[in-house]
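Notes for the one structure printed next.
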């Protein structure tokens, strides 16, 4: 059974896209039946080019990436979600919609990161911030991809996600 993970950020243009790319990258490399998606509560309609650059630099295929609303994941036709992760504080503070599918509501966790789009130092400062954010998210996504989902109940998954948040 595929484990579907939705990563949320307000605009779905940077952090959530970096996390989606890295989780799918690790899942493929580890041979895990895991699929990441990203969305936003108020999508910008475009992905920050520096996010795509950081992912491509790490060997991640970004074909088909787009900024989209979390509403796409609230319909009965949406993939059943096991985990929902917020990666920006504004999205974490918002009332999340009800996600359908699976065996009830997904486990939710907040892993906050500063917006690399706001980094100081001009274009080079932003480029460095995007790469550092990709690395940090990549580390957490690797830990997530290595979880033994098949032997975890909801409470164990919530605990494991909390431990990853503290690492």
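What 222 nm value per residue comes from the helices of the chain, counting each DSSP H run with n ≥ 4 as -39,500 (n - 2.57) and dividing by all residues, nearest 500 deg cm²/dmol?
Helix-only estimate at 222 nm: -13000 deg cm²/dmol.
Report, to the nearest 10°, how far helix 154-166 tilts away from the longest principal axis of the Cα atoms in the chain, using its own Cα long axis and a range of 0 to 90°.
20
Remind me, relative contact order of the chain in percent, using alpha carbon pairs under 8 angstrom and six or more residues apart?
RCO, the chain: 26 percent.
What distance in nm separates the simple spin-label points at residue 150 and residue 2, each placed 7 Å from Cα in the Cβ direction?
1.8
Nearest 10 degrees is fine. How inclined is helix 15-30 to the longest principal axis of the chain, computing both from alpha carbons?
So the inclination is approximately 60 degrees.
Using Cα atoms only, what is the angle between the long axis of helix 122-145 and the major principal axis of the chain, expressed in degrees (0 to 90) to the nearest 10?
20
Beta carbons within 10 angstrom, averaged per residue: use that to sort the peptides 109-116, 27-34, 48-55, highest first.
Result, highest mean Cβ count within 10 Å first: 48-55, 109-116, 27-34.
Bear in mind these aren't lab numbers, they're just calculated from the coordinates by the rules spelled out. The structure presented is a predicted model; accordingly, all values stated were derived computationally and were not measured. Every residue, glycine among them, receives a Cβ derived from its backbone with ideal geometry; neighbour counts consider all protein chains shown.
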